[in-house]
Amino acid sequence: MARLNITDGPSKLDFMLALFDGDYHRRKVEFCFEDPQRQPGDPTIPSLSFVVNEVSRGDGLWDCDENWLFKGYFPGNDNAPARGFFSTRTRKGWIEF
């Protein structure tokens with residue numbers, strides 16, 4: 001399982017709509033990632049879109065007002081399962097898939 005740090009992501013409204021859109025029109029959220037091994041001149045990791053199926057409040061280690069644990073999948077890779085943490089306030093977090 002790969003774990004990447006999220007450096008930018010959706011707004012709170014876009015994150016919410018991705019969860020509540022129906023099955024016939026699944027809205028995807030797009031995350032940008034940090035590459036800790038990137039050297040100057042290397043290409044950046046492209047932003048990737050994910051489908052969100054489940055969201056819950058953070059686990060209490062952080063200020064929970066805008067921090068979320070989520071589960072979903074990466075539709076570009078045989079619907080590979082994904083889970084992560086995302087702050088809609090800072091638009092940062094992490095994802096494993």
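Every read-out reported here was derived from the displayed coordinates using simple, explicitly stated rules and does not represent laboratory data. What you are looking at is a predicted structure, and each value in this text was computed from that prediction instead of being measured.
Based solely on its DSSP helices, what 222 nm [θ] is calculated for the chain when runs of n ≥ 4 H residues each add -39,500 (n - 2.57) and the sum is averaged over all residues, nearest 500 deg cm²/dmol? Don't skip to the end; give the middle numbers.
Values: 1 runs with 9 residues, N = 97.
Taking each H run of at least 4 residues, the total per residue is -2500 deg cm²/dmol.
How much length is gained on full extension from ARG26 to ASN53, taking 0.36 nm per residue of separation minus their Cα-Cα distance? List each step's numbers first, then the result.
Working: separation 27, 0.36 × 27 = 9.72 nm, distance 0.97 nm.
Length gained, ARG26 through ASN53: 8.8 nm.
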For the stretch 3-96, what log10 I(q)/I(0) values come out of the Debye formula at q = 0.19 1/Å, with one point per alpha carbon and no solvent? -0.88
Pop out the ³J(HN,Hα) list for the stretch 84-93 in order, Karplus 6.51 cos²θ - 1.76 cosθ + 1.60 with θ = phi - 60°, rounded to Hz; leave Gly and Pro as x. x, 10, 8, 9, 6, 7, 9, 6, 10, x
